[in-house]
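Undergrad: Please see the structure below; I have some questions.
Derivation of every value follows stated rules applied to the coordinates shown; laboratory data play no part. Keep in mind that this is a model prediction, so the values were computed, not measured. When we count neighbours, we look across all protein chains shown, and the Cβ atoms used for this are built from the backbone with ideal geometry, even at glycine.
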Amino acid sequence: MIRIRKLLIANRGEIAVRLIRACAETGITSVAVFTDADRHALHVKKADESYSIGPDTLGGYLNMHRLINVARAAGCDAVHPGYGFLSENPDFAEACESRGIRFVGPSPEVIRRMGDKVAARAAMIEAGVPVVPGSDGNLESLEAALATAEKVGYPVMLKATNGGGGRGIRLCTDPASLERNYERVRSEATRAFGSTEIFLEKAIVNPRHIEVQILADAHGHVAHLYERDCSIQRRHQKLVEIAPSPQLSEKQRSHVGELAVRAAQAVGYQNAGTVEFLLDHDGSFYFMEMNTRLQVEHPVTEMITGIDIVQEQLRVARGLPLRYRQDQISRRGFAIEFRINAEDPEHDFLPSFGRITRYFAPGGPGIRTDGAIYTGYQIPPHYDSMCAKLICWALDWELLLSRADRALRDIGVFGVKTTIPYHLAIVNHPAFKTGNFDTGFIAAHPELTQSPATRSNRNVAVAIAAALAAHHGL
Ligand code: ADP
Ligand code: ADP
Ligand code: MG
């Protein structure tokens, strides 16, 4: 067992703040890094220590060498990579470990294997976890792609083998569209992930995205923390996440939980991870990929289980056994997370960077806000547009919907366009309220961007802000 006294947070934004909070609760000294663009970022203000890593032109949060140097110079005994950036980079995990700095995550070998979606599929087939029918390995040529598609049947999904973040994925409905997309996905894969490798799998038509949070220690224990429903997506990117899924029976819930545990055991997984599945309309689950890191939507699981996933990650990284057996992990109620992005939903979600002129965090029972913004903060255009996450919890689905509606009206982010009005339209949409939706929901409801409820709420919010500003003599 090792001790973690000082933790380097190799990330920025809300997740860096989240990790700093975990440190503060466990007596760990938090060490932040920041690029020139992030000089005034919240994580820099909140950390115990913070160090510049220079301009983004030097690689920013992807500059392993610099990050490791900071960790060594500051005397950190561990590094938490958060999500995105270096979190799924096996070379970084290896470089940390070889310098005696504990990487809070799975082993480099497991990161490497599961980061390759083709290798991950092969591991799952071997473990008896169902995968969507598809190519045996990477596609060698367009001809091979056409032959495989013919075999599994259209529609098919072309995917970057090392992809992530919803990029490098295209639906092909027939041979002509497969021909059109083949080179496109290859070049996307090269540009975004530095690899030309692509593969193909059968496209499940309007599936549900169901993922299972797992925790695994160094002593062979694996447990799951139930599932999340991330079917509300725009262009393969999650927008709203729910735990547990309102669409599963208890039988399906325990089945998918067992599949996830089997998947983790099969690859000797350690630390927190997520196994993503597609749920077909006929009730079949198919393994899609494993994310070998903390996920954006981990708070909804924390809300229903009461388990702090980051604290568990730190314990596992120290070599401690899991604190809970599967039968000691219970859940209560429902939780939902809204990704608050600085984007304009009325203009195709165009990023809307700029100064936050006013920010009010919502409060009241069952509300959690994980954010990286404050009044006066200038959102830099260099990074992701997600600036906060609003998380709500309630005892049942109906109560959750009304609480979410209340909280989305309660929160105030002014100065930039955000996805808040869009989320309000979602929670008030009759089809969403039924609790039955699939990954086609956003595309099927273009009226969400035009919702009158949304508009009027926005106007009310703006009027309140204006009145407050007048009151404060601004
Ligand atoms: P989650 O899987 O946790 O729901 P996202 O898919 O939204 O989260 O990804 C979280 C962040 O990580 C985003 O900024 C996304 O662009 C980035 N990301 C995810 N996978 C990769 C990858 N393979 N390469 C580069 N960036 C990635
Ligand atoms: P990423 O690594 O970018 O997260 P995933 O493989 O997890 O990529 O896929 C992202 C999303 O794309 C899924 O949540 C789902 O909506 C859609 N998708 C991926 N594969 C398929 C498939 N075979 N059939 C239908 N939809 C899919
Ligand atoms: Mg995914």
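Undergrad: In the chain, what percentage of the DSSP-assigned beta bridges are antiparallel, given to the nearest 5?
TA: Around 80 percent antiparallel, to the nearest 5.
Undergrad: May I ask for the distance between the Cα centers of the stretch 209-258 and the stretch 107-145, given as a whole number of Å?
TA: Using only Cα atoms to place each centre, the spacing works out to 21 Å.
Undergrad: Let me ask something else. Could you compute the net charge surrounding Gly333? Neighbours are other residues with a C-beta less than 11 Å from the C-beta of Gly333; K and R count +1, D and E count -1.
TA: Taking every Cβ under 11 Å from that of Gly333, the sum is +2.
Undergrad: Okay, moving on. Please give, to one decimal in nm, the separation of the simple spin-label points placed at Glu447 and Arg262, each 7 Å out from Cα toward the Cβ.
TA: Calculated label separation equals 4.3 nm.
Undergrad: Please compute the net charge surrounding Thr161, taking Lys and Arg as +1 and Asp and Glu as -1 over other residues with Cβ under 9 Å from its Cβ. List each step's numbers first, then the result.
TA: Working: positive: Lys117, Lys159; negative: Asp116, Glu197.
Neighbourhood net charge equals 0.
Undergrad: Shifting gears a bit: Return Asp396, Asp327, Asp229 ranked ascending by Cβ neighbour count within 10 Å, so the fewest neighbours appear first.
TA: Values: Asp396 10, Asp327 7, Asp229 25.
Lowest count first: Asp327, Asp396, Asp229.
Undergrad: Show me 428-437, 181-190 ranked by packing, highest mean number of other Cβ atoms within 10 Å first.
TA: Working: 428-437: 14.8, 181-190: 17.7.
In descending order of packing, they fall as 181-190, 428-437.
Undergrad: How would you rank Cys172, Cys76, going from fewest to most other Cβ atoms within 10 Å of each one's own Cβ? Intermediate results must be reported in sequence, preceding the final value.
TA: Details: Cys172 23, Cys76 27.
Ranked by crowding around the Cβ, least crowded first: Cys172, Cys76.
Undergrad: What ranking, highest mean first, results for peptides 99-108, 440-449, 413-422, 22-31 when packing means the other Cβ atoms within 10 Å averaged over each residue? List each step's numbers first, then the result.
TA: On the way: 99-108: 20.9, 440-449: 15.0, 413-422: 22.8, 22-31: 17.5.
Listed from highest to lowest mean packing, they are 413-422, 99-108, 22-31, 440-449.
Undergrad: Also: So how many Lys-Lys pairs in the chain land under 25 Å Cα to Cα, not counting same-chain pairs under 8 apart?
TA: So the count of such lysine pairs works out to 20.
Undergrad: What net charge is computed for the residues neighbouring Pro244, neighbours being all others with C-beta under 12 Å from the C-beta of Pro244, Lys and Arg scored +1, Asp and Glu -1? Each step should come with its number before you reach the end.
TA: Working: positive: Arg228, Arg253, Arg331, Arg332; negative: Glu211, Glu227, Asp229, Glu241, Glu250, Asp396.
Taking every other residue near Pro244 into account, the sum is -2.
Undergrad: Follow-up question, since we're still on this one. Rounded to the nearest 500, what is the chain's calculated 222 nm mean residue ellipticity when only DSSP H runs of at least 4 contribute -39500 (n - 2.57) each, over all residues?
TA: On the way: 16 runs with 172 residues, N = 474.
Value at 222 nm, helices only: -11000 deg cm²/dmol.
Undergrad: Also, I was wondering about something else. Taking all pairs of different Cα atoms in the chain, averaging 1/r and flipping that mean, what Kirkwood radius in angstroms comes out? Don't skip to the end; give the middle numbers.
TA: Details: mean 1/r = 0.0433 Å⁻¹.
The Cα-based Kirkwood calculation yields 23.1 Å.
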